[in-house]
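The values are calculated or read from the model by the stated rules, or taken from the named source; none is laboratory data. Because the structure is predicted, anything quoted here is derived from the model rather than measured. Methodologically, a virtual Cβ is constructed for each residue, glycine included, from the backbone with ideal geometry; neighbour enumeration extends over all protein chains shown. Accessible surface areas use protein heavy atoms only, side chains included; no ligands, DNA or RNA. Shrake-Rupley method; radii C 1.70, N 1.55, O 1.52, S 1.80 Å.
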Amino acid sequence: MLERVRPLEAEDVPIADAGGRVTAEAVRAAVDLPPFRSSAMDGFAVRAADTPGTLAIVERIAAGRPATRSLAAGEAMGIATGGVVPAGADAVVPIEVVVERDNRLDVPQAVAEQDNIRPVGGDVRRGDDVVEEGTRLGPSQVGAIAAAGVGVVRCTRRPRAAVLPTGTELRPPGEELRPGEIYESNGLILAEQLRDAGAEVERLPTVADDEDATRAALARALEADVVVTSGGVSVGPHDLVRRLLAELRAEEVFWRVAVKPGKPVVFATVGRTLVFGLPGNPVSALVGFELFVRPAVRALQGADPGPHYRLARLARAVRRDPARDALLRARLDGEAASPLSGQESHMIVRAAAANALVLVPRGEGELAEGESVSYLPL
Ligand code: AMP
Ligand code: MG
(Lines give C-alpha, C1' and ligand atoms only; values in the text may rest on other atoms or scores of the structure.)
(Ligands and ions follow the chains in the order given, each with its own letter.)
Protein backbone atom coordinates (compact mmCIF):
# COMPACT_ATOMS: atom_id res chain seq x y z
CA MET A 1 0.00 0.00 0.00
CA LEU A 2 2.70 2.46 1.01
CA GLU A 3 4.45 1.90 -2.33
CA ARG A 4 1.42 3.54 -3.96
CA VAL A 5 1.58 6.64 -1.79
CA ARG A 6 3.42 9.68 -3.07
CA PRO A 7 3.66 12.65 -0.70
CA LEU A 8 1.56 15.66 -1.65
CA GLU A 9 3.03 18.99 -2.75
CA ALA A 10 4.51 21.47 -0.30
CA GLU A 11 3.11 24.91 0.46
CA ASP A 12 4.02 27.87 2.65
CA VAL A 13 2.08 27.99 5.92
CA PRO A 14 2.17 30.87 8.43
CA ILE A 15 3.43 29.48 11.72
CA ALA A 16 0.17 30.43 13.46
CA ASP A 17 -1.66 27.99 11.16
CA ALA A 18 0.97 25.26 11.13
CA GLY A 19 -0.18 23.22 14.16
CA GLY A 20 -0.92 19.65 13.07
CA ARG A 21 0.87 20.10 9.74
CA VAL A 22 3.90 18.10 8.58
CA THR A 23 7.10 19.87 7.55
CA ALA A 24 8.15 19.37 3.94
CA GLU A 25 11.71 20.41 4.73
CA ALA A 26 13.82 20.96 7.82
CA VAL A 27 13.13 24.26 9.58
CA ARG A 28 16.34 26.16 10.38
CA ALA A 29 16.74 28.78 13.08
CA ALA A 30 16.75 32.35 11.76
CA VAL A 31 18.56 33.62 14.86
CA ASP A 32 20.75 32.42 17.69
CA LEU A 33 18.56 31.57 20.66
CA PRO A 34 18.95 33.34 23.02
CA PRO A 35 20.00 36.08 20.57
CA PHE A 36 22.06 37.84 23.29
CA ARG A 37 23.60 36.96 26.66
CA SER A 38 20.51 37.00 28.80
CA SER A 39 19.89 36.87 32.51
CA ALA A 40 18.38 33.68 33.92
CA MET A 41 17.28 35.43 37.13
CA ASP A 42 15.98 38.64 38.57
CA GLY A 43 19.09 40.05 40.25
CA PHE A 44 22.22 42.09 39.56
CA ALA A 45 24.76 41.94 36.77
CA VAL A 46 28.25 42.06 38.25
CA ARG A 47 31.87 41.13 37.65
CA ALA A 48 32.57 37.85 39.43
CA ALA A 49 36.00 39.19 40.45
CA ASP A 50 34.28 41.96 42.47
CA THR A 51 32.51 39.43 44.72
CA PRO A 52 32.16 39.18 47.63
CA GLY A 53 32.02 42.93 48.13
CA THR A 54 29.98 46.11 48.12
CA LEU A 55 29.14 47.53 44.69
CA ALA A 56 27.53 50.69 43.32
CA ILE A 57 24.18 50.14 41.56
CA VAL A 58 24.53 52.30 38.46
CA GLU A 59 21.56 51.28 36.30
CA ARG A 60 18.46 49.03 36.19
CA ILE A 61 17.88 46.84 33.15
CA ALA A 62 14.39 45.68 32.21
CA ALA A 63 13.69 42.89 29.68
CA GLY A 64 13.74 44.45 26.21
CA ARG A 65 15.72 47.54 27.39
CA PRO A 66 19.49 47.02 27.24
CA ALA A 67 21.82 49.10 29.47
CA THR A 68 23.06 52.41 28.11
CA ARG A 69 26.71 51.59 28.81
CA SER A 70 28.99 48.78 29.89
CA LEU A 71 29.63 47.76 33.44
CA ALA A 72 32.87 48.87 35.06
CA ALA A 73 34.77 47.46 38.03
CA GLY A 74 32.98 47.94 41.35
CA GLU A 75 29.61 48.38 39.68
CA ALA A 76 26.38 46.42 39.61
CA MET A 77 23.30 46.82 37.44
CA GLY A 78 19.86 45.62 38.42
CA ILE A 79 18.63 43.16 35.80
CA ALA A 80 15.34 41.34 35.14
CA THR A 81 15.02 37.75 33.89
CA GLY A 82 15.54 37.89 30.14
CA GLY A 83 17.37 41.20 30.33
CA VAL A 84 20.52 41.79 28.26
CA VAL A 85 23.62 41.20 30.40
CA PRO A 86 25.70 44.33 29.82
CA ALA A 87 29.18 44.25 28.36
CA GLY A 88 31.71 44.08 31.16
CA ALA A 89 29.51 41.88 33.38
CA ASP A 90 30.24 38.16 33.63
CA ALA A 91 27.73 36.95 36.22
CA VAL A 92 24.28 37.64 37.63
CA VAL A 93 23.69 37.44 41.39
CA PRO A 94 20.11 36.52 42.26
CA ILE A 95 18.16 39.13 44.17
CA GLU A 96 17.59 36.63 46.99
CA VAL A 97 21.26 36.51 48.03
CA VAL A 98 22.10 40.21 48.14
CA VAL A 99 21.31 43.14 50.41
CA GLU A 100 20.42 46.40 48.70
CA ARG A 101 20.39 49.82 50.36
CA ASP A 102 20.61 53.32 48.82
CA ASN A 103 22.01 52.17 45.49
CA ARG A 104 24.69 50.14 47.31
CA LEU A 105 24.71 46.40 46.91
CA ASP A 106 26.23 43.97 49.38
CA VAL A 107 27.15 40.68 47.79
CA PRO A 108 28.01 38.45 50.76
CA GLN A 109 29.40 35.49 48.80
CA ALA A 110 31.63 34.96 45.78
CA VAL A 111 29.83 34.19 42.54
CA ALA A 112 31.36 32.24 39.67
CA GLU A 113 31.82 33.59 36.15
CA GLN A 114 28.85 32.86 33.88
CA ASP A 115 26.55 32.21 36.85
CA ASN A 116 22.92 32.81 35.81
CA ILE A 117 23.90 33.98 32.33
CA ARG A 118 22.26 32.22 29.40
CA PRO A 119 24.86 32.15 26.62
CA VAL A 120 24.09 33.28 23.07
CA GLY A 121 22.84 30.30 21.05
CA GLY A 122 22.60 28.07 24.12
CA ASP A 123 19.30 26.64 22.85
CA VAL A 124 19.92 26.71 19.11
CA ARG A 125 22.42 28.32 16.75
CA ARG A 126 21.27 30.31 13.75
CA GLY A 127 21.09 27.96 10.74
CA ASP A 128 20.77 24.79 12.81
CA ASP A 129 17.70 22.55 12.53
CA VAL A 130 14.79 23.39 14.79
CA VAL A 131 12.71 20.46 13.47
CA GLU A 132 13.47 17.88 10.82
CA GLU A 133 11.64 17.29 7.57
CA GLY A 134 8.56 15.09 8.06
CA THR A 135 7.79 16.33 11.56
CA ARG A 136 4.17 16.75 12.55
CA LEU A 137 4.06 20.05 14.37
CA GLY A 138 2.61 19.96 17.87
CA PRO A 139 2.53 22.77 20.43
CA SER A 140 6.22 22.61 21.40
CA GLN A 141 7.42 22.46 17.78
CA VAL A 142 5.24 25.42 16.80
CA GLY A 143 6.69 27.33 19.76
CA ALA A 144 10.25 26.36 18.92
CA ILE A 145 9.88 27.51 15.31
CA ALA A 146 8.40 30.83 16.39
CA ALA A 147 11.13 31.30 19.03
CA ALA A 148 13.76 30.65 16.40
CA GLY A 149 12.35 33.51 14.35
CA VAL A 150 10.69 31.59 11.51
CA GLY A 151 7.31 33.01 10.49
CA VAL A 152 6.43 30.79 7.52
CA VAL A 153 6.96 27.03 7.31
CA ARG A 154 7.11 24.81 4.25
CA CYS A 155 4.56 22.05 4.92
CA THR A 156 3.02 19.29 2.89
CA ARG A 157 -0.47 20.11 1.72
CA ARG A 158 -3.15 18.57 3.91
CA PRO A 159 -4.74 15.55 2.22
CA ARG A 160 -8.34 16.07 1.17
CA ALA A 161 -10.38 13.09 2.28
CA ALA A 162 -13.92 12.09 1.35
CA VAL A 163 -15.93 9.77 3.58
CA LEU A 164 -18.76 7.80 2.01
CA PRO A 165 -20.96 5.49 4.10
CA THR A 166 -22.98 2.99 2.06
CA GLY A 167 -26.07 1.06 3.17
CA THR A 168 -29.81 1.31 2.57
CA GLU A 169 -30.43 0.52 6.24
CA LEU A 170 -28.61 3.57 7.63
CA ARG A 171 -30.35 6.54 9.29
CA PRO A 172 -28.75 9.65 10.73
CA PRO A 173 -28.80 9.74 14.53
CA GLY A 174 -31.75 11.69 15.91
CA GLU A 175 -34.21 10.48 13.29
CA GLU A 176 -36.84 7.80 13.87
CA LEU A 177 -35.68 4.26 12.96
CA ARG A 178 -37.98 2.30 10.65
CA PRO A 179 -38.03 -1.50 10.74
CA GLY A 180 -34.66 -2.97 9.77
CA GLU A 181 -32.78 0.30 10.06
CA ILE A 182 -29.82 1.22 12.29
CA TYR A 183 -28.05 4.49 12.93
CA GLU A 184 -25.13 5.51 10.76
CA SER A 185 -21.94 5.79 12.79
CA ASN A 186 -19.00 4.90 10.53
CA GLY A 187 -19.04 8.17 8.67
CA LEU A 188 -18.50 9.98 11.95
CA ILE A 189 -15.88 7.58 13.27
CA LEU A 190 -13.88 7.84 10.07
CA ALA A 191 -14.20 11.61 9.81
CA GLU A 192 -12.81 11.98 13.33
CA GLN A 193 -9.95 9.60 12.62
CA LEU A 194 -9.13 11.34 9.34
CA ARG A 195 -9.02 14.75 10.98
CA ASP A 196 -6.85 13.38 13.72
CA ALA A 197 -4.48 12.03 11.07
CA GLY A 198 -4.19 15.51 9.54
CA ALA A 199 -6.68 15.36 6.66
CA GLU A 200 -9.31 17.87 5.58
CA VAL A 201 -12.53 15.89 5.61
CA GLU A 202 -15.66 16.03 3.52
CA ARG A 203 -18.46 13.76 4.74
CA LEU A 204 -20.61 12.77 1.79
CA PRO A 205 -24.27 11.87 2.39
CA THR A 206 -24.89 8.20 3.08
CA VAL A 207 -25.71 6.38 -0.13
CA ALA A 208 -28.22 3.51 -0.44
CA ASP A 209 -27.17 0.17 -1.93
CA ASP A 210 -28.25 1.28 -5.38
CA GLU A 211 -25.92 1.05 -8.36
CA ASP A 212 -26.54 4.43 -9.94
CA ALA A 213 -26.52 6.31 -6.66
CA THR A 214 -23.36 4.58 -5.48
CA ARG A 215 -21.58 5.08 -8.81
CA ALA A 216 -22.39 8.79 -8.77
CA ALA A 217 -21.32 9.16 -5.15
CA LEU A 218 -18.05 7.31 -5.76
CA ALA A 219 -17.29 9.41 -8.83
CA ARG A 220 -17.82 12.53 -6.74
CA ALA A 221 -15.70 11.15 -3.89
CA LEU A 222 -12.80 10.43 -6.26
CA GLU A 223 -12.04 14.15 -6.53
CA ALA A 224 -10.36 13.81 -3.12
CA ASP A 225 -6.83 12.55 -2.40
CA VAL A 226 -8.19 9.81 -0.15
CA VAL A 227 -11.58 8.15 -0.34
CA VAL A 228 -12.81 6.07 2.58
CA THR A 229 -16.03 4.17 2.05
CA SER A 230 -17.77 1.96 4.57
CA GLY A 231 -19.87 -1.10 3.83
CA GLY A 232 -20.58 -2.94 0.64
CA VAL A 233 -17.22 -4.69 0.20
CA SER A 234 -18.25 -8.24 1.13
CA VAL A 235 -19.62 -10.91 -1.17
CA GLY A 236 -23.39 -10.27 -0.89
CA PRO A 237 -25.58 -9.23 -3.83
CA HIS A 238 -25.82 -5.70 -2.40
CA ASP A 239 -22.07 -5.24 -2.03
CA LEU A 240 -21.44 -2.90 -4.92
CA VAL A 241 -18.34 -0.95 -4.04
CA ARG A 242 -15.65 -3.11 -5.68
CA ARG A 243 -17.53 -3.63 -8.92
CA LEU A 244 -18.34 0.06 -9.28
CA LEU A 245 -14.77 1.04 -8.47
CA ALA A 246 -13.63 -1.26 -11.28
CA GLU A 247 -16.07 0.50 -13.63
CA LEU A 248 -14.51 3.78 -12.55
CA ARG A 249 -11.09 2.48 -13.66
CA ALA A 250 -9.80 1.75 -10.22
CA GLU A 251 -6.79 -0.49 -9.90
CA GLU A 252 -7.56 -2.88 -7.06
CA VAL A 253 -4.33 -3.44 -5.11
CA PHE A 254 -5.74 -5.83 -2.54
CA TRP A 255 -9.02 -7.13 -1.24
CA ARG A 256 -9.37 -9.09 1.98
CA VAL A 257 -6.76 -9.25 4.67
CA ALA A 258 -6.02 -11.88 7.34
CA VAL A 259 -7.16 -9.51 10.06
CA LYS A 260 -10.04 -9.73 12.52
CA PRO A 261 -12.12 -7.61 12.53
CA GLY A 262 -12.05 -6.15 9.05
CA LYS A 263 -11.33 -8.99 6.70
CA PRO A 264 -12.98 -7.63 3.52
CA VAL A 265 -10.94 -4.40 3.37
CA VAL A 266 -10.27 -3.27 -0.18
CA PHE A 267 -7.52 -0.91 -1.26
CA ALA A 268 -7.50 0.56 -4.75
CA THR A 269 -6.09 3.54 -6.59
CA VAL A 270 -7.70 5.74 -9.24
CA GLY A 271 -4.96 7.93 -10.67
CA ARG A 272 -3.35 9.45 -7.59
CA THR A 273 -6.41 8.97 -5.41
CA LEU A 274 -6.18 6.29 -2.73
CA VAL A 275 -9.42 4.42 -2.10
CA PHE A 276 -10.07 2.41 1.04
CA GLY A 277 -13.23 0.34 1.16
CA LEU A 278 -13.74 -0.56 4.80
CA PRO A 279 -16.30 -3.13 5.94
CA GLY A 280 -19.54 -1.82 7.41
CA ASN A 281 -19.36 -3.08 10.94
CA PRO A 282 -18.28 -0.05 12.96
CA VAL A 283 -15.47 -1.77 14.84
CA SER A 284 -14.14 -3.13 11.54
CA ALA A 285 -14.10 0.39 10.16
CA LEU A 286 -12.39 1.73 13.29
CA VAL A 287 -9.68 -0.94 13.24
CA GLY A 288 -9.27 -0.93 9.46
CA PHE A 289 -8.61 2.79 9.64
CA GLU A 290 -5.82 2.38 12.18
CA LEU A 291 -4.12 -0.40 10.24
CA PHE A 292 -4.44 0.95 6.71
CA VAL A 293 -5.87 4.43 6.31
CA ARG A 294 -3.95 6.27 9.03
CA PRO A 295 -0.53 5.11 7.76
CA ALA A 296 -1.49 6.13 4.23
CA VAL A 297 -2.73 9.57 5.30
CA ARG A 298 0.46 10.11 7.25
CA ALA A 299 2.59 8.98 4.31
CA LEU A 300 0.71 11.39 2.02
CA GLN A 301 1.92 14.16 4.31
CA GLY A 302 5.48 12.89 4.22
CA ALA A 303 5.35 11.79 7.86
CA ASP A 304 6.45 8.49 9.34
CA PRO A 305 3.50 6.22 8.49
CA GLY A 306 3.68 3.90 11.47
CA PRO A 307 1.76 2.17 12.91
CA HIS A 308 4.08 1.84 15.87
CA TYR A 309 3.13 -0.95 18.22
CA ARG A 310 4.04 -0.76 21.88
CA LEU A 311 4.41 -3.58 24.39
CA ALA A 312 2.05 -4.61 27.17
CA ARG A 313 1.20 -7.75 29.15
CA LEU A 314 -2.06 -9.62 28.79
CA ALA A 315 -4.18 -9.36 31.92
CA ARG A 316 -5.99 -12.57 30.95
CA ALA A 317 -5.56 -15.45 28.54
CA VAL A 318 -7.07 -15.09 25.05
CA ARG A 319 -7.78 -17.60 22.29
CA ARG A 320 -5.95 -17.13 19.04
CA ASP A 321 -7.65 -17.23 15.68
CA PRO A 322 -6.01 -19.89 13.52
CA ALA A 323 -6.32 -17.92 10.28
CA ARG A 324 -6.35 -14.22 11.13
CA ASP A 325 -4.43 -11.76 13.27
CA ALA A 326 -6.87 -10.34 15.78
CA LEU A 327 -6.93 -6.79 17.13
CA LEU A 328 -8.71 -6.92 20.45
CA ARG A 329 -10.23 -3.85 22.00
CA ALA A 330 -8.57 -3.54 25.38
CA ARG A 331 -8.21 -1.34 28.40
CA LEU A 332 -4.66 -0.54 29.36
CA ASP A 333 -3.82 -0.14 33.03
CA GLY A 334 -0.11 0.51 33.49
CA GLU A 335 1.43 -2.23 31.39
CA ALA A 336 -1.49 -4.66 31.83
CA ALA A 337 -3.85 -4.89 28.86
CA SER A 338 -7.32 -6.27 29.63
CA PRO A 339 -9.29 -7.29 26.53
CA LEU A 340 -12.86 -6.04 26.96
CA SER A 341 -15.86 -8.32 26.96
CA GLY A 342 -17.88 -7.97 23.77
CA GLN A 343 -15.35 -8.32 20.94
CA GLU A 344 -17.81 -8.65 18.07
CA SER A 345 -17.37 -6.27 15.21
CA HIS A 346 -20.78 -4.60 15.53
CA MET A 347 -20.16 -3.71 19.21
CA ILE A 348 -19.04 -0.13 18.85
CA VAL A 349 -20.36 0.86 22.28
CA ARG A 350 -18.22 -1.83 23.93
CA ALA A 351 -15.28 -0.72 21.78
CA ALA A 352 -15.73 2.87 22.93
CA ALA A 353 -14.39 1.86 26.36
CA ALA A 354 -11.09 0.71 24.84
CA ASN A 355 -7.87 2.71 24.74
CA ALA A 356 -5.76 0.07 23.01
CA LEU A 357 -5.89 -2.45 20.20
CA VAL A 358 -4.02 -5.56 21.28
CA LEU A 359 -2.52 -7.62 18.48
CA VAL A 360 -3.06 -11.36 18.87
CA PRO A 361 -1.14 -13.03 16.04
CA ARG A 362 -2.94 -15.87 14.25
CA GLY A 363 -2.12 -19.36 15.45
CA GLU A 364 -3.25 -22.31 17.49
CA GLY A 365 -4.28 -22.39 21.13
CA GLU A 366 -4.16 -19.33 23.33
CA LEU A 367 -1.92 -16.56 24.59
CA ALA A 368 -1.46 -16.99 28.34
CA GLU A 369 -2.10 -14.40 31.01
CA GLY A 370 1.03 -12.30 31.52
CA GLU A 371 2.31 -12.89 28.00
CA SER A 372 3.90 -9.94 26.22
CA VAL A 373 1.76 -8.50 23.41
CA SER A 374 1.97 -5.60 20.99
CA TYR A 375 -0.70 -2.94 21.00
CA LEU A 376 -1.66 0.26 19.25
CA PRO A 377 -2.90 3.10 21.41
CA LEU A 378 -6.43 4.15 20.49
P1 AMP B 1 -21.67 -4.39 5.12
O2 AMP B 1 -20.20 -4.34 5.20
O3 AMP B 1 -22.24 -3.35 4.19
O4 AMP B 1 -22.15 -5.76 4.78
O5 AMP B 1 -22.21 -4.05 6.55
C6 AMP B 1 -21.92 -4.90 7.64
C7 AMP B 1 -22.71 -4.48 8.85
O8 AMP B 1 -22.35 -3.19 9.24
C9 AMP B 1 -24.21 -4.44 8.63
O10 AMP B 1 -24.84 -4.91 9.78
C11 AMP B 1 -24.49 -2.98 8.41
O12 AMP B 1 -25.80 -2.64 8.78
C13 AMP B 1 -23.49 -2.34 9.33
N14 AMP B 1 -23.11 -1.03 8.83
C15 AMP B 1 -22.77 -0.76 7.56
N16 AMP B 1 -22.47 0.55 7.41
C17 AMP B 1 -22.64 1.10 8.63
C18 AMP B 1 -22.49 2.43 9.11
N19 AMP B 1 -22.09 3.41 8.30
N20 AMP B 1 -22.75 2.66 10.40
C21 AMP B 1 -23.13 1.66 11.22
N22 AMP B 1 -23.28 0.40 10.82
C23 AMP B 1 -23.05 0.10 9.53
MG1 MG C 1 -24.02 -2.85 3.44
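Taking the chain as a Gaussian network, where each spring joins two C-alpha atoms under 10 Å apart, which residue of 266, 227, 107 fluctuates the most?
Top of the fluctuation ranking is 107.
At a 10 angstrom cut-off on C-beta neighbours, averaged per residue, how do the peptides 50-60, 351-361, 293-303 rank from highest to lowest?
The peptides rank, most packed first, as 293-303, 351-361, 50-60.
Name the residue from 10, 110, 221 whose Cα lies farthest towards the positive end of the charge dipole of the chain, charges +1 on Cβ of Lys and Arg and -1 on Cβ of Asp and Glu.
Farthest towards the positive pole: 221.
Roughly what % of DSSP beta bridges within the chain run antiparallel, to the nearest 5?
Of all bridge pairs located within the chain, approximately 70 percent are antiparallel.
If you count only protein heavy atoms with a 1.4 Å probe, what accessible area per residue comes out for the range 293-378, rounded to a whole Å²?
Here the residues of the range 293-378 average 50 Å² of exposed surface.
What angle, in degrees between 0 and 90 and rounded to the nearest 10, separates the Cα long axis of helix 211-221 from the longest principal axis of the Cα atoms of the chain?
20
Please determine, in degrees from 0 to 90 and to the nearest 10, the orientation of helix 186-196 with respect to the longest principal axis defined by the Cα atoms of the chain, where the helix direction is its Cα long axis.
Taking the Cα atoms of the chain, the angle to 186-196 is about 30 degrees.
Report the Cα centroid-to-centroid distance between the range 182-226 and the range 233-300 in angstrom, as an integer.
Cα centroid to Cα centroid, the span is 12 Å.
Can you tell me the length gained on complete extension of the stretch residue 12 to residue 103, counting 0.36 nm per residue apart and subtracting the Cα distance?
Full extension from residue 12 to residue 103 adds 27.5 nm.
Going 7 Å from the Cα of residue 272 along its beta-carbon direction, which residues of the range 1-30 have the amide nitrogen within less than 11 Å of the resulting point?
6-10
Taking a virtual spin label 7 Å from the Cα of residue 48 along the C-beta vector, which residues in the range 62-91 bring their backbone nitrogen under 15 Å of it?
Answer for the range 62-91: 88-91.
Which value, in Å², gives the accessible area per residue of the range 61-129 when a 1.4 Å probe is used on the protein heavy atoms?
Result: 56 Å² of accessible area for each residue.
What list of whole percents do you get for P(r) of the chain, with Cα-Cα distances grouped in 20 Å bins up to the one holding the largest distance?
In whole percents, the pair-distance histogram is 23, 37, 22, 16, 2.
With all protein chains present, how much of the accessible area of the range 61-214 (probe radius 1.4 Å) comes from carbon and sulfur, to the nearest whole percent?
Whole-percent figure for carbon plus sulfur exposure: 48.
How far, in nm, would the chain grow between residue 235 and residue 248 when pulled straight, counting 0.36 nm per residue and subtracting the alpha carbon separation?
Full extension of this stretch gives 2.8 nm more.
At a Förster distance of 51 Å, what's the computed FRET efficiency of residue 371 paired with residue 81, Cβ-Cβ distance as r, to 0.05?
Efficiency, from the Cβ-Cβ distance: 0.45.
Any chance you could run the full-extension gain for residue 258 through residue 320? It's 0.36 nm times the residue separation minus the Cα-Cα distance, nm to one decimal.
Here the answer is 21.0 nm.
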